[in-house]
């Protein structure tokens, strides 16, 4: 039996996932691509090794760039995951798709150079103008 850390899924319940461990990292992303994908001002991400995620239900995919694929529920349209050749061996999931979204604890803000000026997020988390991969925070 697989150990369960958390579970989550889409709006209609047609796509579900079970996570066997806490995320490798968490972030709040402000990039335009992520914002447009979910029609939200900021996106809560969690990173996992593929073997930590067990899926049920059918997902559809959309190749959103030459390096990235976004998976979603074909029934309700909920975005479910993101995979990119930039981060091989990782599956990125939406933090608020957890059944218990309070279990998502953000560690940083990334792509703040694309931050929407009308959104003010008052926290003390590190902020990175681009990806947090080795970048200096601001």
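Does residue 93 satisfy being touching a strand residue (DSSP E or B) at 6+ places or on another chain (Cβ under 7 Å), under 23 Å from residue 7 (Cα atoms) and in contact (Cβ under 8 Å) with a residue 60 or more places away in the chain?
So residue 93 passes the test.
Would you please name the residue that is farthest from residue 31 (Cα to Cα), looking only at residues in segment 81-97 that are over 8 Å from the mean Cα position of the chain (by Cα) and part of a strand (DSSP E or B)?
Only one residue tops the list, namely 91.
Taking residue 132 as meeting all but one of (1) touching a helix residue (DSSP H, G or I) at 6+ places or on another chain (Cβ under 8 Å); (2) closer than 14 Å to residue 29 by Cα, write down the number of the exception.
(1)
Within segment 8-23, work out how many residues are touching a residue at least 60 places away in the same chain (Cβ under 8 Å) and exposed (fewer than 15 other Cβ atoms within 10 Å of the Cβ).
Of the residues in that region, 2 qualify.
Which numbered condition in (1) at pLDDT 95 or above; (2) touching a strand residue (DSSP E or B) at 6+ places or on another chain (Cβ under 9 Å); (3) under 23 Å from residue 8 (Cβ atoms) is the only one that residue 51 fails?
Tallying (1) at pLDDT 95 or above; (2) touching a strand residue (DSSP E or B) at 6+ places or on another chain (Cβ under 9 Å); (3) under 23 Å from residue 8 (Cβ atoms), residue 51 fails exactly one: (2).
Going by what's in this entry, would residue 42 be described as more than 20 Å from residue 19 (Cα to Cα) and modelled with pLDDT of 95 or more?
yes
For residues in segment 24-55 being without any contact (Cβ under 8 Å) to a residue 60 or more places away in the chain and touching a helix residue (DSSP H, G or I) at 6+ places or on another chain (Cβ under 7 Å), which is surrounded by the fewest Cβ atoms within 10 Å (Cβ to Cβ)?
Across segment 24-55, the extreme among qualifying residues is 45.
Could you figure out which of (1) more than 18 Å from residue 6 (Cβ to Cβ); (2) out of contact with any strand residue (DSSP E or B) (no Cβ under 7 Å at 6 or more places or on another chain); (3) at pLDDT 95 or above isn't true of residue 86?
The one condition residue 86 does not meet is (3).
The values are calculated or read from the model by the stated rules, or taken from the named source; none is laboratory data. Predicted model, so just to flag it, every value in this text is computed and none were measured. Note that each Cβ is placed from the backbone with ideal geometry, even for glycine, and that neighbours are counted across all protein chains shown.
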